[in-house]
Amino acid sequence: MHEGDDGREGWESPAFEHQPYPPQGPPPGPGLAIASLVCSIAGFVVCAPLAIAGIVMGHVAHSRARRGRAPAGAVAVAGFVVGYGALLVWGIMIPLIVQALVKSGAFG
């Protein structure tokens, strides 16, 4: 126990102040929206699952931007629109490629 200023022994208050809520971290940046756009563009070249990942990330980033929790709403929209375009292209190209392979006798 410590002696107070008035000479009485008593309890000493802690040196820190209590906060009603824990401190918040920095707000999320545009990373998810940018990743959506990158995956969607790569989905055109590499494979359709990347386009699907870009679509999902784009919708999540757009939802966050609408609620004011993240920036880059337009980039998020571009990400999922490009992803849908990539899926459309793959949806047209895969049957054409399979048909050409069947005609060439690659399957038997």
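The values are calculated or read from the model by the stated rules, or taken from the named source; none is laboratory data. What you see is a predicted model; the values in this text were computed from it and never measured. Glycine gets a Cβ as well: all are built from the backbone with ideal geometry, and neighbour counts include every protein chain shown.
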| request: Go through the range 35-90 and count every residue that is β-branched (Val, Ile, Thr) and part of a loop (DSSP other than H, G, I, E, B). | output: 1
| Taking the range 16-34 as the region of interest, how many residues are part of a helix (DSSP H, G or I) and either loosely packed, with under 12 Cβ neighbours inside 10 Å or touching a residue at least 24 places away in the same chain (Cβ under 8 Å) (or both)? | 3
| message | Please verify whether GLY54 is small (Gly, Ala, Ser), in contact with a helix residue (DSSP H, G or I) (Cβ under 7 Å, 6 or more places away or on another chain) and within 23 Å of PRO27 (Cβ to Cβ), treating the condition exactly as stated. | response | yes
| said: Out of the residues in the range 40-49 meeting the condition of being among the hydrophobic types (A, V, I, L, M, F, W, C) and modelled with pLDDT of 95 or more, tell me which one is surrounded by the fewest Cβ atoms within 10 Å (Cβ to Cβ). | reply: ALA42
